[in-house]
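Chemist: Next up is a structure, given as structure tokens.
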Amino acid sequence: MKSPRMSAGVGAAALTLCTWAALTADAPRVAPEVAPDVTHEGVRHRRRRHRDDDARDDRDARHHRHHRAPDAAPSAPAPSAPVAPAGQCPEGTVRVTGEFCPEVRQECLEMSDDERERCLRFRKPTRCRSRRTRPMDFCIDRYEWPNREGAAPAVVVSWNEAADLCRRAGRRLCTEDEWTLACEGPAMLPYPWGYDRDATTCNIDRHNLEYERDAVTGADRGRAAEEAARVSQAAPSGAYPRCESPYGARDMTGNVDEWAVSRTGAPHQSVLKGGYWGRVRTRCRPATRRHDEGFRYYQIGFRCCADL
């Protein structure tokens with residue numbers, strides 16, 4: 001019997017086939033990542049406080065946590081990763097230097113009328129509400145994994161697998177606060193480009209297609225990748241020239257969701273940032289926390305960070 005069809009935000013562009021062999025083909029092993037600092041964030045909304053769920057239009061996500069396949073084991077050891085000179089970012093990454101404000105005030109002046117918490121226009125400027133900011137200086141991938149311009153972003157990959165792939169590449173998963181700063185810049189912008197929502201700037205606000213739920217959450221990774229590719233509306237990395245953060249990172253909002261390391265560690269170490277191509281929040285500050293470290297889905301990818 002066929003699995004039930006569910007509504008999701010997807011289309012027909014091909015994605016990277018996320019078999020473990022394909023993902024780990026050129027990824028060297030390195031030391032494990034360091035856990036992030038734990039802070040608190042508050043973002044005020046004029047009409048309502050944003051809930052922590054950028055993928056709540058996928059109503060069956062809680063069900064999916066009980067239908068995912070176990071993480072695959074690494075296939076074989078790989079050679080050591082090349083080391084960048086001290087004080088320089090690795091090739092393919094951009095440097096992020098600035099003060100991070102843990103709690104900001106972002107006031108929405110106009111909301112969409114579809115109950116998806118898509119703010120069309122924010123008040124300028126964003127205000128920092130924290131008494132203290134935190135200096136940051138790190139490197140982040142310019143593009144979503146595999147971090148190549150023109151490549152299809154990898155999806156159907158768990159947080160555990162993403163963390164391992166970053167380690168093999170000589171980097172690590174970004175912390176939640178690093179990801180946010182790299183997206184919003186020193187001005188704490190709601191969107192990487194500014195204060196007004198614009199579906200022509202980044203790959204966002206596409207209408208959802210139907211997908212086979214069991215296909216993308218089952219143990220058959222090949223079938224999951226095929227189904228994700230069939231319904232994908234992700235664009236090749238760098239296809240939207242104006243979708244660039246103040247630091248030069250591309251496609252940080254929209255396109256595919258990105259794993260990061262949660263600042264709170266609760267309920268999981270894993271957190272999703274940036275949203276995907278569908279009609280969801282797709283902003284710099286919000287995060288989705290309900291998916292655990294083994295969860296995979298048709299629109300979930302990642303990028304890596306590195307220390308200087």
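Chemist: Determine the dipole magnitude for segment 199-299: charges of +1 sit on the beta-carbon of Lys and Arg, -1 on that of Asp and Glu, nothing else is charged, the reference point is the Cα centre, and the result goes in debye to the nearest 20.
Modeler: 440 debye
Chemist: Another question, if that's okay. Only loop residues by DSSP count here, and only those with at most 13 other Cβ atoms within 10 Å; note down the GluC sites (Glu not before Pro) in segment 102-182 that meet that.
Modeler: Here the sparse-neighbourhood loop sites are E115, E149.
Chemist: Does segment 157-214 classify as rounded, prolate or oblate by the C-alpha gyration tensor (a ≥ b ≥ c root eigenvalues; a/c under 1.5 gives rounded; else a/b over b/c gives prolate, otherwise oblate)?
Modeler: Since a/c reaches 1.5 but b/c is at least a/b, the shape of segment 157-214 is classed as oblate.
Chemist: Here's another thing I want to ask about it. Assigning unit charges at the beta carbon (Lys, Arg +1; Asp, Glu -1) and nothing else, what dipole magnitude in debye, to the nearest 20, does segment 141-190 show about its Cα centre?
Modeler: Once rounded to the nearest 20, the dipole reads 280 debye.
Chemist: If you plug each phi of segment 147-162 into the Karplus form 6.51 cos²θ - 1.76 cosθ + 1.60 with θ = phi - 60°, what whole-Hz ³J(HN,Hα) values come out, in order, with x for Gly and Pro?
Modeler: 6, 9, 4, x, 7, 6, x, 6, 9, 6, 10, 7, 4, 4, 5, 4
Chemist: Next question. When the gyration tensor of segment 85-181 is built from Cα positions, what are the square roots of 5 times its three eigenvalues, in whole Å, from largest to smallest?
Modeler: 29, 21, 12
Chemist: How do the peptides 279-287, 85-93, 134-142 rank, highest first, by the average count of neighbouring beta carbon atoms within 10 Å per residue?
Modeler: My ranking of the peptides, most packed first, is 279-287, 134-142, 85-93.
No lab work stands behind these numbers, since they all come straight from the coordinates. Nothing here was measured: the structure is a model prediction, and the numbers come from that model. Backbone-built Cβ (ideal geometry, glycine too); neighbour counts: all protein chains shown.
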